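The values are calculated or read from the model by the stated rules, or taken from the named source; none is laboratory data. Quantities reported herein were computed from a predicted structural model and do not represent experimental measurements. Ideal geometry is used to build each Cβ from the backbone, glycine not excepted, and the neighbour counts take in all protein chains shown. Quick note on the areas: whole protein, heavy atoms, side chains included, nothing else; ligands and nucleic acids left out. Shrake-Rupley method; radii C 1.70, N 1.55, O 1.52, S 1.80 Å.
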Amino acid sequence: MNLTLRQFEIFAEAADAASFSAAAKRLGISQPALSEAIRRIEREMGTTLFARTTRSLKLTDAGRHAAAIAREAVRDFTHAIARFRRLSVHRCRT
């Protein structure tokens, strides 16, 4: 499985927005690009993450679990980058 941080970001945003179009707007990408990214994630994972109808988008049970993991991964990576930057700034001053 070769999921990327960007895929986690896209999936987490879609899960939080409960709308592909709203998530795409927040991420600054097109809705078709976001939909394709979600399809790739689902293929990679071998499971459906969203129950889709023409009027609604809901996480499946697997999607709810995956969303929690994706949010945690994005949060942890964001914190790690901030810590790394603080270390870099500190080392440059010494």
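Selection within the stretch 1-29: residues that are open to solvent by 60 Å² or more (accessible area, probe 1.4 Å) and hydroxyl-bearing (Ser, Thr, Tyr). The member of this set that is farthest from Ile69 (Cα to Cα) is Ser21. Among all residues of the stretch 45-59, there is none that is in a helix (DSSP H, G or I), within 15 Å of Leu3 (Cβ to Cβ), open to solvent by less than 30 Å² (accessible area, probe 1.4 Å) and not basic (Lys, Arg). Just wondering, is there one or more residues in the stretch 74-91 that are open to solvent by 50 Å² or more (accessible area, probe 1.4 Å), aromatic (Phe, Trp, Tyr) and out of contact with any strand residue (DSSP E or B) (no Cβ under 8 Å at 6 or more places or on another chain)? Yes, some residue in the stretch 74-91 is open to solvent by 50 Å² or more (accessible area, probe 1.4 Å), aromatic (Phe, Trp, Tyr) and out of contact with any strand residue (DSSP E or B) (no Cβ under 8 Å at 6 or more places or on another chain).
Pairing residues of the stretch 16-40 that are over 17 Å from Thr53 (Cα atoms) and part of a helix (DSSP H, G or I) with residues that are among the acidic types (Asp, Glu) and open to solvent by less than 80 Å² (accessible area, probe 1.4 Å), at Cβ distances under 9 Å and at least 6 apart in sequence or on separate chains, gives Ala24/Glu13; Arg26/Glu13; Leu27/Glu9; Leu27/Glu13. Pairs meeting the criteria (first residue in the stretch 49-78 and touching a residue at least 40 places away in the same chain (Cβ under 8 Å), second residue open to solvent by 30 Å² or more (accessible area, probe 1.4 Å) and among the basic types (Lys, Arg), beta carbons under 9 Å, at least 6 apart or on different chains) are Lys58/Arg52. Only residues that are open to solvent by 40 Å² or more (accessible area, probe 1.4 Å) and either in contact with a helix residue (DSSP H, G or I) (Cβ under 9 Å, 6 or more places away or on another chain) or within 23 Å of Asp61 (Cβ to Cβ) (or both) were counted in the stretch 30-43, giving 7.
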